[in-house]
Amino acid sequence: MTPDETPPEGMTRRSFLRTSTVLATGAAAIAAGLAPLRKIGHYSSVEEFLQKQYKELSPAEMKVVLARIEGEVERQYGIRPHVRDYKPMSGVQFVYALNLSRCVGCRKCVHACVAENNQSRNPEIQYIRVVKLPNDGSFDLESGDVNYTPKSVPEAGFFYMPIQCHQCHNPPCVTVCPVKATWQEADGITVIDYNWCIGCRYCEAACPYFARRFNFATPSIPKEQINPKMSYLGNRPRYKGVMEKCHFCIQRTREGRYPACVEVCPTGSRKFGNILDPDSEVSYILKNKRVFVLKEELGTHPRFFYYFDI
Amino acid sequence: METERKTQVVLAVLTMGFAALAINFVRVPARAGVEKRAPLILPGSLAIVPGTIRVSAAQLVASGGDASGLQCYACHDAKKPPEIRYDANHRVVLPKEHLDLIYGMRNCSECHTPDEGVKIEYNADGVVIIPDAHRNLAHMAHGRYLRNEDCFNCHVSTQLDHLHTPEGLVVGLDQATQLCAGCHGTQYRDWESGAHGRRNGYWKSSAGPTVRQECTSCHDPHAPAFTPLIPMPAPHSLHDPRRNPS
């Protein structure tokens, strides 16, 4: 710049180019830095991103949230669901009992559960694992097989032990959750707020029963197989990157109905009811049958009991 | 000023750029949710689940599924029971899609065709004549060592559709549970309290009816041991070499 030239009031070509280059580079850097976020987030709206934790939602806010979720599901699957927030009944403590003498390992419960609870078909997510164990008295879970595919069941020399969430009284999965996205409800069901879960999978590692499943990919469910009766804490479609697990079919049991796995069991091995009711079938079983819980030594106090017909 | 205008234009362009970036950030994941993939489990294989799955009878037949755990009202609405049709000889016409369904754990169509009809014949004393084919021990498997193969241990000899209990009471077929209880007391006790057998509907009686399945809903009284079932598909493990040969 020669001394006789007056300095420009606004911007020279040089400073303009420099500023815009800096700005463009900065914008590109910010975009590149934010790019991974586009892949991990499932947020379809600002309201969803800013949603409070389940327990902090007022009834009015919950109404808005449920309506929003109905809209989301309709957009994604093309079917209008009915999403409700089922509350626990007072004076009810759920207990589950499973008759190991009767179970034949047909896996009907596994697939009834998938159909009822809108689990992802691909990748496949199932809450119940049926373990085939040798009937040699060893009761060694390590020697169990979950991939058995014989022509017919039961097979001689084996018994079958379905394992699902035990709805522990002292749940390790709840203790380890760093964001309080999972907790135990008054009726004993351990639930997950799918909108609050950050997908760290600590609970999956903490569970001694392999009851929790992680959505590694966006769940896919064929439209015609969607169960439109949904609950917020239960069977509404899950997002990629969140945990899910058996919730005793909250949308059925909190209405007084049996869970889908109980309904479907062809041998009547599965029993469900209110342990506080002395006349319920589970009360009778706990009083009169030989019952045990899995991995009792861990002190989890499951609400899921196995029993024998002896 | 020329330069000020340029600055404003550049700033406006940048603002629009950021706004577009923000919109893209919010919208893109929602679009990614509907991508299509080939199913790992064929939908047809789910048709063999009774109860909660909604499939047509045609699909049920097409799947070749094991229907031994099936109840009529798993598919039919209990409030609108299906109409039963009769032919000119007052025989029940079986719908074609029901041919593979198993009645009382026993498949009638193993031996009988639906248009053949079955006539019950009586002798001069009014006692039902049991066809020789039904004396076949393969059909009677009640009790160990086949000791309980006499029809009239349970059936009234002059009225096959009535049963007599060990106490001498005559009851209808719909009250067979009373007869079963005569020998299977422990199972009856467990059934009464809900530990044995199926219960459907509502666990909470004030919310709705609890359906107690009777003995003969699950057991064939002539061969009460459960017949083997076809297991549903195993879980798909991505690490299972049998499923992923590559």
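Working from label points 7 Å from Cα in the Cα-to-Cβ sense, the A:ARG18 to B:LEU169 distance is 10.5 nm. Among A:134-143, A:14-23, sorting by the average number of other beta carbon atoms lying within 10 angstrom of each residue, highest first, gives A:14-23, A:134-143. Across peptide B:201-212, the mean count of Cβ atoms from other chains lying within 10 Å of each residue's own Cβ comes to 5. From most to least packed by mean Cβ count within 10 Å, the peptides A:66-73, A:92-99, A:287-294 give A:92-99, A:66-73, A:287-294. The mean number of partner chain beta-carbon atoms within 10 angstrom of a residue's beta-carbon across peptide A:145-154 is 4. For the segment A:120-131, counting C-beta atoms of other chains within 10 Å of every residue's C-beta and taking the mean gives 3. The Cβ shell under 9 Å around B:LYS204 holds other residues with a net charge of -1, Lys and Arg each +1, Asp and Glu each -1. So, counting K/R as plus one and D/E as minus one, what does the shell of residues with Cβ under 15 Å around A:LEU141 add up to? Net local charge, A:LEU141 excluded: -3. Summing +1 for each Lys or Arg and -1 for each Asp or Glu among the other residues whose beta-carbon sits under 10 angstrom from that of A:ASN288 gives +3.
Direction-averaged projected area, Cα convex hull, chain A: 23.9 nm², rounded to one decimal.
The HN-Hα couplings worked out from phi for segment A:266-283 by the Karplus form 6.51 cos²θ - 1.76 cosθ + 1.60 (θ = phi - 60°) are x, 9, x, 7, 9, 10, 9, x, 9, 6, 7, 8, x, 9, 6, 5, 5, 4 Hz, whole numbers, x standing for Gly and Pro. All distinct Cα pairs of segment A:106-248 go into the 1/r average, and the inverse of that average, the Kirkwood radius, is 16.3 Å.
Read-outs: derived from the displayed coordinates by stated rules, not from any lab. These numbers come from a predicted model, not from an experiment. Positions of Cβ are backbone-derived with ideal geometry, glycine not excepted, and every protein chain shown enters the neighbour counts.
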